[in-house]
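Everything below concerns the one structure shown next.
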C-alpha cells in the first residue's frame, strides 16, 4: 500500500513539474515576436480561406492583399527612417523597379518567378548602392528632394520602355514547369509568407548590432563616428535594404494585380511615396506593428470598408483629409506614432491593475 502511495505521489509530482515546465515554455513562446508574426500570418491566410468558402467578398481579400504588399514597403522604411533617420521620397520609383522587373522577366523574357525575383533584387541592390553613395553628401530635406528626383527619373525611363505593362496568368510559371499557372489566391499566400519572413528578418536586424549602429547614427552622427560606426557602411545598408523591400513589393504587386498603366497617373507617383511616408509616421517609425497598422489605416480602411459607402464614393478625398489630419495630430502629440500611444496605454492599464490589487490585498501582497 505504501509503495502504491509513493508511486502515486511521485507520478503526481512529475505531472505537476511537467505542467509547470510546459506553462513556462508556453509563456516564453508567446512573448517572442516570432509567435505574434506567425499568428498574424495565420489570420491573413484564414481571410483568404474564408473568401474561398464564400464567407468574405473577393474585393475585401484583394484589398487586404494589396495592403500587405505596402506593408512590405513599410518594413524597409522602419530601418531607413526609424533607425537611420534618412528621409526618402523615392519609394514609388523603387516599387516600379520591382514591377517592371516582374513584367520583363515573366512576360517578355519568359523566365520563372524565382529567377525574376532574383533579378529584381539585383536591380534594387545596384540602385540602393547608388542612392546610398549620394546620401553620404546630403542631409535632411535635401536628401528627400534628391530621392524624389531619382524616383521621377526611374519612372520616366521605365515609362519610355513600356507605358503599360500587363502579365497574363499563362505567363507566370514556377520552377520552369510551364503547366503551372498561378492564380491570385496562390500569389496572396506567397505575399503573406514573404511578409512573415521579412518581419522576422527586420525584427532581428533591429535587435542586432547593425540596428544599434543605425540607431546611433540617427541620434548623433558625430557620436556614432566617435564610437567607430561607419556612416558609409550603414547608410548604404539602410538604403539598399529599403529599396530591396520596395522592389520585392513591386514584384509581388505585379504578380497580384497584373496590370499597371502609367498613363492613368495613379501609380508610381509622389502621392504613393507620401502615403507610405504618412503610414509609417502614423503607425510608428521604429515599430513593425505600428508600421503595419499605419499601412492598414492609409491603404486598408478605404479599400476594405469605405468604398461600399455612398458618401465616401461621392467624396473620395475625405479619407485623404482624415489621414492628413491624423498625421498632424500624431506628429504634434505622439511623435512615436500609434505604437507609442499603445505602449502608454499598456503601462497605464498595468499601473491601474496594480493599484486595484493593492487596494484589495494590501500594498505588500498586491
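The values are calculated or read from the model by the stated rules, or taken from the named source; none is laboratory data. All values reported here derive from a predicted model rather than from experimental measurement. Methodologically, a virtual Cβ is constructed for each residue, glycine included, from the backbone with ideal geometry; neighbour enumeration extends over all protein chains shown.
Is it the case that some residue within the range 48-57 is out of contact with any strand residue (DSSP E or B) (no Cβ under 7 Å at 6 or more places or on another chain), in a helix (DSSP H, G or I), within 25 Å of residue 215 (Cβ to Cβ) and touching a residue at least 12 places away in the same chain (Cβ under 8 Å)? Within the range 48-57, not a single residue is out of contact with any strand residue (DSSP E or B) (no Cβ under 7 Å at 6 or more places or on another chain), in a helix (DSSP H, G or I), within 25 Å of residue 215 (Cβ to Cβ) and touching a residue at least 12 places away in the same chain (Cβ under 8 Å). Counting only helices (runs of 4 or more DSSP H) that sit completely within the range 61-174, those holding 1 or more residues that are within 29 Å of residue 49 (Cα to Cα) and modelled with pLDDT of 85 or more correspond to 91-102, 113-135. Residues in the range 175-229 that are exposed (fewer than 15 other Cβ atoms within 10 Å of the Cβ), closer than 17 Å to residue 239 by Cα and either at pLDDT below 85 or under 19 Å from the mean Cα position of the chain (by Cα) (or both): 201 only. Here is the figure for the range 295-318: residues that are over 21 Å from the mean Cα position of the chain (by Cα) and within 22 Å of residue 273 (Cβ to Cβ) total 3.
Tallying residues that are surrounded by fewer than 15 Cβ atoms within 10 Å (Cβ to Cβ) and touching a helix residue (DSSP H, G or I) at 6+ places or on another chain (Cβ under 8 Å) within the range 135-149 yields 2. Would it be correct to say that residue 240 is closer than 30 Å to residue 129 by Cβ and over 24 Å from the mean Cα position of the chain (by Cα)? No: the conditions fail for residue 240. Taking the range 332-356 as the range and being loosely packed, with under 14 Cβ neighbours inside 10 Å and in a loop (DSSP other than H, G, I, E, B) as the test, only 335 passes.
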